[in-house]
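The structure under discussion appears below in the form of structure tokens.
The values are calculated or read from the model by the stated rules, or taken from the named source; none is laboratory data. The structure displayed is predicted, hence computed values, not measured ones. Reconstructed Cβ throughout: ideal geometry from the backbone, glycine too, with neighbour counts over all protein chains shown. All accessible areas refer to the heavy atoms of the entire protein, side chains included, with ligands and DNA or RNA removed. Shrake-Rupley method; radii C 1.70, N 1.55, O 1.52, S 1.80 Å.
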Amino acid sequence: MFPTRWKAVCAATIALFLLIEFGTTRSRVDAKIVFSSKRNGDTDYHIYLMDDDGSNVERLTDPAFYDILPQWFPDGRHILFERDHSRGNGSEENAEFYIFDLKTGKAETFMENHPTDSNPSLSPDGKYIAFNSERGGAADIYVLNLETGDLKQLTDLGDRIGWAYRTDWSPDGHQIAYELDVAPEGDNIWIMNANGNRKRRFTPLPKGPNIVFRGGPYWSPSGKYIMYRESERTPDLQHRLTTTLIFQNVETKLRRVHTFPKVSLVSPGCWMGSDETVLLAMKADYTDPFSNYEIYRYEVRSRQLTNLTHQPGGDYDPDWHAGPLSVSPVEKLTTLWGELKQTE
């Protein structure tokens, strides 16, 4: 048997070699994806977990409920999600937010919810949740401080008809991107400071008579881009003309347009640790009654799609967590080596 210290030194040496040889020490098995799904013949959505190559799928939440929109906490142990007690009936809204603990397997609510609360979005440090709600009368955006329980309203539509919803935080936590759909501008992506100040439209106004739908803003890990979906329809909404995924530069506003077949439905999910790879939920052909949403990995440069799930039930809302060795492998190796030297 090797001494414990010698085995640790060997492990650190091997890890350092892998970092030098391949540029990373991340094991794909360590990275995980959470998502919501109707798989296995279920009529309700539940939260599932899988490796980031689509393997080792397991259900996390109770099948008695309708659970959607999972999102990782930074610790990789807790998952925020929405439990819809109306089971998708928009005319009978009744939702609550929960936190699932992977270690205990328990899901617990943590705030006094309003039935119209929806679309929770976690800040990068895991201390705040942005969400949309009609608790004030209009469909506005609110932020909850998880440590103090303080709640702040960030948008105020007042008497205007429309919605402010679907938020995402900048990587530094200082700004929030959101979807704003109000007349006469229509559906656009906006940005504001995390305290609600300095609201400004991010996307260009549509030109011509057609109707443009935009949504699902997701800030890239570097903070340089915001990804969102965009589709164009005829004025009578009867015909879909385009289906695109947009990667727009935050500073220059330059748009990189990625075109998909117009019969497809594309919903952005998240970025995978860099500005090069994203996860999507996509239905290949909405005219095909047997087509359903599946989760894909999409390489931004090569535009290569890799299907990660193959189930008759729909898979939605993927969110990726890097795993313990992928967050900052150089720092982790430095820390490990320092600990070993202290034992000498």
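Below are the figures for this structure:
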| item | result |
| --- | --- |
| Selection within the stretch 196-216 - open to solvent by 70 Å² or more (accessible area, probe 1.4 Å) and either within 28 Å of LEU151 (Cβ to Cβ) or assigned to a strand (DSSP E or B) (or both) | ASN197, ARG198, LYS199, ARG201, PHE213 |
| Whichever residue in the stretch 297-317 is charged (D, E, K, R) and over 19 Å from ASP285 (Cβ atoms) and, among such residues, is surrounded by the fewest Cβ atoms within 10 Å (Cβ to Cβ) | ARG301 |
| Criterion: in contact (Cβ under 8 Å) with a residue 24 or more places away in the chain, outside any strand (DSSP E or B) and not aromatic (Phe, Trp, Tyr) - qualifying residue of THR104, THR155 | THR155 |
| Tally of residues being at pLDDT below 85 and under 20 Å from the mean Cα position of the chain (by Cα) across the stretch 314-344 | 4 |
| Scope the stretch 178-195; condition outside any loop (DSSP other than H, G, I, E, B) and open to solvent by 40 Å² or more (accessible area, probe 1.4 Å); matching residues | TRP190, ASN193 |
| One residue from PHE73, PHE110, PHE131 being free of Cβ contacts under 8 Å to residues at least 40 places away in the same chain and under 17 Å from the mean Cα position of the chain (by Cα) | PHE131 |
| Residue selected from the stretch 217-240 under the condition farther than 16 Å from ARG255 by Cβ and touching a Lys or Arg at 6+ places or on another chain (Cβ under 6 Å), by the criterion least open to solvent (accessible area, probe 1.4 Å) | ARG240 |
| Residues (open to solvent by less than 60 Å² (accessible area, probe 1.4 Å) and either closer than 14 Å to HIS310 by Cβ or of a type in the set (Gly, Ala, Ser) (or both)) located in the stretch 275-294 | ALA281, MET282, LYS283, ALA284, SER291, ASN292, TYR293, GLU294 |
| Enumeration of residues in the stretch 66-89 that are closer than 16 Å to GLY41 by Cα, out of contact with any Ser or Thr (no Cβ under 6 Å at 6 or more places or on another chain) and buried (at least 19 other Cβ atoms within 10 Å of the Cβ) | TYR66 |
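Table: residues versus (1) among the hydrophobic types (A, V, I, L, M, F, W, C); (2) in contact with a helix residue (DSSP H, G or I) (Cβ under 9 Å, 6 or more places away or on another chain); (3) under 28 Å from LYS103 (Cβ atoms); (4) at pLDDT below 50.
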| site | (1), (2), (3), (4) |
| --- | --- |
| ALA8 | yes, yes, yes, yes |
| LEU16 | yes, yes, no, yes |
| GLU21 | no, no, no, yes |
| PHE35 | yes, no, yes, no |
| LYS38 | no, no, yes, no |
| GLY41 | no, no, no, no |
| TYR45 | no, no, yes, no |
| ASP51 | no, no, yes, no |
| ARG59 | no, no, yes, no |
